[in-house]
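The values are calculated or read from the model by the stated rules, or taken from the named source; none is laboratory data. Just so you know, these numbers come straight off a predicted model, no measurement behind them. Cβ coordinates were reconstructed from backbone atoms using ideal geometry, including for glycine residues, and neighbour counts include every protein chain displayed. All accessible areas refer to the heavy atoms of the entire protein, side chains included, with ligands and DNA or RNA removed. Shrake-Rupley method; radii C 1.70, N 1.55, O 1.52, S 1.80 Å.
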Amino acid sequence: MSEKIAITCGDPAGIGPEIIGAWLESNPAEAGEVAVIGPARWLATLAPAARTIAVGTEDFAAEPGRPGGEGSLVAWAALERAAELCVSGECAGVVTAPVSKERLAAIGWPFPGQTEFFAARWKGEPTMAFCGGRLRVTLVSWHIPLRDVPASLTAASIGRAVGAADELARSEGVASPRIGVCGLNPHAGEGGLIGTEERDTIDPVLDTLRARHPGLSRCQPADTLFARQLRGEFDVVVALYHDQGLAALKAVDFDVAVNVTLGLDHVRTSPDHGTAFSIAGKGKASPRSFANAVAVARRLIRARNGR
């Protein structure tokens, strides 16, 4: 079974190309285990051991920090090619460099983010998760307005996030994961005094899931749960919406965190930062999160392959 990883360039005017190049230069032994997808003129500058797949017009050259429509088309084409490589069995997973969702939308890309793109191209229901530093987090909901979060907290969505939390922790060597779940309301609702979602919806689902996940908590106050994870009380936290999980994660692990898409037929990870157009091409971008994204993808692939 393949363990090769496809790597997409992201927006070619962002920091993706330079952090990929830096990683290849620092990890020459791994160059033969990846397929790098992007514009031909950039690919020609990379380590010769890496397999490269060109997308876009042959003479396209991005100007760092100056994104445009043609670059967005290249970013989209790279994603499509990476998804195809996994469907065909040539690759087992994808590591994606950052894209600009706003600029992709401007050329007709119909997805809120890369997570939803891969869900459309592969089988399964996705869960967004994060790891690579001191925190591990999975999300029940992500790219939706805050007003829609309560209605999104169903038995199915909570179950997916808890299952993803279990997989994420086990892939990193935790034999019996302790999973803490954030409450939706302040103080996790105070028994119904500050909101009833915990009492009426979320905790009953968690009680049902505990037979399969013995280390699963009931809803906990979100303002202290991440500190409790840092102290070692929990191995992974389930957050109910995007900023509830990401505010804590980026405060603690901004330079090293990895975005992981779970629940699909193939593995997808990415660095947990954006295109950073303002520093692209200036030699300031750190490749640490990207390097972690490759390492996390390898661990997940090997765990799924039973290794």
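Other residues lying with their Cβ under 15 Å from the Cβ of Asn292 contribute a combined charge of +2, Lys and Arg counting +1, Asp and Glu -1.
Enter the angle in degrees (range 0 to 90, nearest 10) between the Cα long axis of helix 69-87 and the first principal axis of the Cα atoms of the chain, meaning the one along which they spread out most. Taking the Cα atoms of the chain, the angle to 69-87 is about 70 degrees.
For the chain, the Stokes-Einstein estimate of translational diffusion at 20 °C and a viscosity of 1.002 mPa s comes to 108 µm²/s, using the Kirkwood hydrodynamic radius over alpha-carbon pairs. How many angstrom lie between the Cα centre of segment 6-21 and the Cα centre of segment 160-204? Cα centroid to Cα centroid, the span is 35 Å. Only Lys, Arg, Asp and Glu carry charge here, each on its Cβ (+1 for the first two, -1 for the last two); on that basis the chain has a dipole of about 560 debye about its Cα centre. Neighbours of Asp203, meaning other residues whose beta-carbon lies under 12 angstrom from its beta-carbon, give a summed charge of -1 when Lys and Arg score +1 and Asp and Glu score -1. The loop-placed trypsin sites (Lys or Arg not before Pro) in segment 110-183, going by DSSP, that have at most 12 neighbouring Cβ atoms within 10 Å of their Cβ come out as Lys123.
Charge dipole (Cα centre; +1 on Lys/Arg Cβ, -1 on Asp/Glu Cβ; no other charges) of segment 231-292 amounts to roughly 360 debye.
Among the protein heavy atoms of segment 10-84, carbon and sulfur supply 50% of the accessible surface, probe 1.4 Å, non-protein parts ignored.
Accessible area per residue for segment 65-117 is 38 Å², calculated with a 1.4 Å probe on protein heavy atoms, without ligands, DNA or RNA.
Solvent exposure of segment 180-307 amounts to 43 Å² per residue of accessible area, where only protein heavy atoms count and the probe is 1.4 Å. Computed about its Cα centre, the charge dipole of segment 4-143 is approximately 360 debye, with only Lys, Arg, Asp and Glu carrying charge at their Cβ.
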